[in-house]
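**Q** One structure is given below, represented as structure tokens, and several questions about it will come after.
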Amino acid sequence: MEHAQTIFKRYEVKYLLDEVQYKRMREALAEHMEMDRYGQSRIYNIYFDTPDFHLIRESLDKPVYKEKLRLRSYGMDKNGGHVFVELKKKYDGIVYKRREEMEFEEAVEYLYDGKKPSGDSQILREIDWFLKYHKHMEPKMYIAYDRIALAAKDDSGLRITFDDNLRWRNTRLDLQDEGGGNLIIEKGYYLMEVKTPEALPVWMADILDALKLYPVSFSKYGRAYKEMREAAAGGTVI
């Protein structure tokens with residue numbers, strides 16, 4: 001099995017596109033980008049937080065430093081398969097991501113039940129420290145979406161992803177339970193993320209300028225948390 005990248009350091013900028021902007025962007029990128037190793041996939045996430053949602057509440061205040069912990073699968077094998085335990089940090093505009101690949105059952109026992117995994121690595125030690133520091137971490141939010149992932153043909157490290165059909169729920173927090181969920185953004189819109197280890201290439205900046213696209217502040221977990229609070233205030237059962 002080919003091993004996935006486990007350590008990331010990059011800038012991540014988000015844009016919200018309508019259907020027309022999305023089609024024009026895909027056409028403009030065709031010369032420079034191609035499908036990456038994941039290509040088109042459905043991504044499932046379980047976000048972990050404290051009982052009072054301390055991590056996401058703090059993140060929404062837009063501090064200089066913020067962090068998240070999630071369990072992620074690129075397509076869910078009903079028999080388990082491999083998943084990623086990801087620790088994502090953002091400091092001063094730069095995203096640092098550490099992730100450990102493991103069997104689904106082992107990841108569930110680790111994050112849900114506190115059972116130490118069989119392996120050992122620097123990344124696992126970082127996740128262990130995080131779990132001890134933020135006591136009583138538990139699964140809090142399910143977020144899934146369909147993704148198209150592109151990588152630059154010149155091996156510069158530039159990646160661009162397009163997410164749609166973004167949905168969330170705060171019940172049935174099982175990565176293997178695909179059903180249901182509430183839309184995070186309305187249908188016909190795409191969340192584009194531009195991920196680069198350095199400054200944007202001139203050609204990409206020109207495309208963004210030509211299409212009049214501007215960065216947005218958008219957190220999938222943050223948006224889902226806000227919608228959850230609004231639903232709770234209105235007496236809606238999710």
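**Q** Run down ILE143, ILE160, ILE123 and say which single residue is within 19 Å of ARG70 (Cβ to Cβ), among the β-branched types (Val, Ile, Thr) and modelled with pLDDT of 95 or more.
**A** Result of the check over ILE143, ILE160, ILE123: ILE143.
**Q** While we're on this one: How many residues does the range 21-63 contain that are under 26 Å from PHE84 (Cα atoms) and either of a type in the set (A, V, I, L, M, F, W, C) or in contact with a Cys (Cβ under 7 Å, 6 or more places away or on another chain) (or both)?
**A** Adding up the residues that qualify gives 9.
**Q** Looking at the range 209-226, which of its residues are within 21 Å of ASN165 (Cα to Cα), of a type in the set (D, E, K, R) and surrounded by fewer than 17 Cβ atoms within 10 Å (Cβ to Cβ)?
**A** Result: LYS226, single match.
**Q** Within the group TYR221, TYR190, which residue is in a helix (DSSP H, G or I), touching a Phe, Trp or Tyr at 6+ places or on another chain (Cβ under 9 Å) and not aliphatic (A, V, I, L, M)?
**A** Unique residue meeting the criteria: TYR221.
**Q** What do you reckon, is GLU198 assigned to a strand (DSSP E or B) and out of contact with any helix residue (DSSP H, G or I) (no Cβ under 9 Å at 6 or more places or on another chain)?
**A** Taking the combined requirement at face value, the residue does not satisfy it.
**Q** Out of the residues in the range 23-53 meeting the condition of being out of contact with any Gly (no Cβ under 9 Å at 6 or more places or on another chain) and hydroxyl-bearing (Ser, Thr, Tyr), tell me which one is nearest to ASN170 (Cα to Cα).
**A** Out of the qualifying residues, it is TYR47.
**Q** I've got another one for you. ALA205 passes all but one of (1) without any contact (Cβ under 8 Å) to a residue 40 or more places away in the chain; (2) touching a helix residue (DSSP H, G or I) at 6+ places or on another chain (Cβ under 8 Å); which number fails?
**A** That leaves (2) as the condition not met.
**Q** Just name the residue that is modelled with the lowest pLDDT out of those in the range 89-115 that are of a type in the set (Ser, Thr, Tyr) and closer than 26 Å to ARG159 by Cβ.
**A** TYR91
**Q** Which of the residues spanning the range 161-189 are open to solvent by less than 30 Å² (accessible area, probe 1.4 Å) and among the hydroxyl-bearing types (Ser, Thr, Tyr)?
**A** Hit for the range 161-189 is THR161, nothing else.
**Q** Moving on to the next point. Looking at the range 31-46, can you tell me whether even one residue there is in contact with an Asp or Glu (Cβ under 9 Å, 6 or more places away or on another chain), crowded, with 18+ Cβ neighbours inside 10 Å and of a type in the set (Ser, Thr, Tyr)?
**A** Scanning the range 31-46 turns up at least one residue that is in contact with an Asp or Glu (Cβ under 9 Å, 6 or more places away or on another chain), crowded, with 18+ Cβ neighbours inside 10 Å and of a type in the set (Ser, Thr, Tyr).
The values are calculated or read from the model by the stated rules, or taken from the named source; none is laboratory data. None of the values given here were measured: they were computed from a predicted structure. Note that each Cβ is placed from the backbone with ideal geometry, even for glycine, and that neighbours are counted across all protein chains shown. In case anyone asks, the SASA skips ligands and DNA or RNA and just uses the protein heavy atoms, side chains included. Shrake-Rupley method; radii C 1.70, N 1.55, O 1.52, S 1.80 Å.
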